[in-house]
Amino acid sequence: MANVLVIRLSAIGDVAMTVPVIYSAAKSNPADTFTVLTQAFLIPVFMNRPDNVNVIGINTKGSEKTLGGLLKFASALSQYQYDIVLDLHNVIRSIIVRSFFRMKGKSVFVLDKTRKERDRLTSQKDKNLKQLRPVIERYADVFRAAGLNYTESFISLYEQKPADLSGMETIAGVKTGKWIGVAPFAKHRGKIYPVDDMEQVVARLAEQEDITVFLFGAKGYEEAVLEDWAFQYPRLKNVVGRYTLDNELALISQLDLLICMDSANMHFASLVGTRVLSIWGATHPYAGFYGYHQKEQDSIQVDLPCRPCSVFGDKPCFRGDWACLTQIKPEAILTKVFSILDIKG
């Protein structure tokens with residue numbers, strides 16, 4: 001019977017991708033206990049978890065932001081009796097935390113980030129355009145390396161316990177017709193479809209009387225854009241800031257389709273079994289970050305010799321025109337949406 005610490009501190013989508021693996025591992029090893037260390041604000045993502053899974057939070061933008069704060073946190077954490085440490089992040093912060101346990105003689109197993117393979121995939125010279133091992137599988141490899149049993153069994157956060165819809169109904173209402181989510185933003189420029197083009201998409205969807213569109217984004221600029229769309233077009237509802245994370249997941253679980261970028265929203269939808277139509281620009285599904293159990297044909301992208309130029313979409317465009325995104329026409333997205341939902345556009 002082992003007490004296992006699992007570390008994944010960020011980013012939001014990457015933390016979400018640990019859920020299917022951790023839940024599957026917990027079910028495969030019922031006599032062991034798994035404790036997840038992640039950002040405190042992401043704890044609600046680990047809802048309806050197996051009985052042998054616990055979650056503890058860290059705040060790397062607050063008390064644990066400084067080196068001194070992190071060292072103090074890691075020292076206190078190392079006093080707990082974890083037998084095995086699994087580092088699914090492998091960055092400076094997680095290295096510091098795991099080092100405290102290694103100095104105590106604990107077994108530590110670390111994620112292989114396949115940096116060389118990623119570099120070849122995104123290189124502009126001698127590009128090796130091939131599918132890399134999915135991140136979720138590489139997470140599972142760490143559990144296997146630790147000698148733990150692993151059988152993939154995760155289906156949805158709501159597999160055992162239905163979503164509580166009471167917290168979302170005052171804003172979303174009771175479902176009638178088709179519900180579509182649109183999450184048009186991402187952290188980096190290389191993953192964001194042109195805003196004016198996406199507005200054309202939502203404007204067309206708003207013309208469909210049996211469709212309600214929910215707009216997802218972050219506070220600030222994104223919220224302002226989405227609020228403007230919701231004001232202009234019927235049957236559009238901006239939900240930015242209206243929900244807690246658990247209620248937002250409940251709403252996403254009720255969607256017939258989520259249209260989004262290569263972003264955390266793709267992974268949230270995957271956790272609740274909602275179908276995703278994803279739009280890809282500078283990044284590529286081959287890097288291994290495709291949504292859990294999403295269909296390969298439900299991605300929209302253009303083939304260019306420079307794609308992908310980045311794993312995370314954070315690099316400047318080599319061409320200077322973001323053709324990977326601007327060459328995707330709104331009509332192509334709409335055609336795919338109407339086909340998936342069997343709607344005449």
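The values are calculated or read from the model by the stated rules, or taken from the named source; none is laboratory data. Remember, predicted model here, so these are calculated numbers, not experimental data. Note that each Cβ is placed from the backbone with ideal geometry, even for glycine, and that neighbours are counted across all protein chains shown. Heads up: the accessible areas ignore ligands, DNA and RNA and are worked out on the full protein's heavy atoms, side chains in. Shrake-Rupley method; radii C 1.70, N 1.55, O 1.52, S 1.80 Å.
T335 versus (1) over 17 Å from P194 (Cα atoms); (2) surrounded by 14 or more Cβ atoms within 10 Å (Cβ to Cβ): which is the lone unmet condition?
(2)
What is the one condition in (1) under 16 Å from the mean Cα position of the chain (by Cα); (2) open to solvent by 30 Å² or more (accessible area, probe 1.4 Å); (3) acidic (D, E); (4) within 30 Å of S123 (Cα to Cα) that D246 does not satisfy?
Evaluating D246 over (1) under 16 Å from the mean Cα position of the chain (by Cα); (2) open to solvent by 30 Å² or more (accessible area, probe 1.4 Å); (3) acidic (D, E); (4) within 30 Å of S123 (Cα to Cα) leaves (4) as the failure.
Do any residues in the range 315-327 that are in a loop (DSSP other than H, G, I, E, B) have Cβ atoms under 8 Å from those of residues that are open to solvent by 90 Å² or more (accessible area, probe 1.4 Å), where the two are at least six apart or on different chains, and which pairs are they?
Partner pairs satisfying both residue conditions: W322/R189.
Starting from the range 186-203, keep only residues that are of a type in the set (G, A, S) and at pLDDT 95 or above, then list their pairs with residues that are in a helix (DSSP H, G or I) and open to solvent by 30 Å² or more (accessible area, probe 1.4 Å) whose Cβ atoms are within a distance under 8 Å, requiring at least 6 positions of separation or different chains.
Matching pairs, first to second residue: A203/Q232.
At least 2 residues that are modelled with pLDDT of 95 or more and loosely packed, with under 15 Cβ neighbours inside 10 Å in each: list the strands (runs of 3 or more DSSP E) lying fully within the range 1-76 that qualify.
53-58
Would you say E296 is among the charged types (D, E, K, R), open to solvent by 10 Å² or more (accessible area, probe 1.4 Å) and in contact with a Pro (Cβ under 8 Å, 6 or more places away or on another chain)?
Against the criterion (among the charged types (D, E, K, R), open to solvent by 10 Å² or more (accessible area, probe 1.4 Å) and in contact with a Pro (Cβ under 8 Å, 6 or more places away or on another chain)), E296 qualifies.
Within the range 57-101, count every residue that is of a type in the set (D, E, K, R) and touching an Asp or Glu at 6+ places or on another chain (Cβ under 6 Å).
1
Considering the range 204-221 alone, what residues qualify as being within 11 Å of F185 (Cα to Cα) and either open to solvent by less than 40 Å² (accessible area, probe 1.4 Å) or free of Cβ contacts under 8 Å to residues at least 12 places away in the same chain (or both)?
Answer for the range 204-221, where residues must be within 11 Å of F185 (Cα to Cα) and either open to solvent by less than 40 Å² (accessible area, probe 1.4 Å) or free of Cβ contacts under 8 Å to residues at least 12 places away in the same chain (or both): L215, F216, G217, Y221.
Can you pull out every residue in the range 328-345 that is of a type outside the set (D, E, K, R), closer than 29 Å to S123 by Cβ and in a loop (DSSP other than H, G, I, E, B)?
I328
Scan Q301, Q327, Q232 and give me the residue that is open to solvent by 40 Å² or more (accessible area, probe 1.4 Å) and touching a Phe, Trp or Tyr at 6+ places or on another chain (Cβ under 6 Å).
Being open to solvent by 40 Å² or more (accessible area, probe 1.4 Å) and touching a Phe, Trp or Tyr at 6+ places or on another chain (Cβ under 6 Å) holds for just one of Q301, Q327, Q232, which is Q301.
Quick check on my filter: what residues within the range 159-179 are under 14 Å from I252 (Cβ atoms), in a loop (DSSP other than H, G, I, E, B) and aliphatic (A, V, I, L, M)?
Hits for the range 159-179 are A163, L165, M168.
Can you name the residue in the range 286-305 that is aromatic (F, W, Y) and part of a loop (DSSP other than H, G, I, E, B) and is also farthest from I192 (Cα to Cα) among such residues?
Applying the filter and picking the extreme gives Y292.
Where in the range 182-285 are there helices (runs of 4 or more DSSP H), lying fully within it, with 3 or more residues that are β-branched (V, I, T)?
The helices (runs of 4 or more DSSP H) meeting that bar are 195-206.
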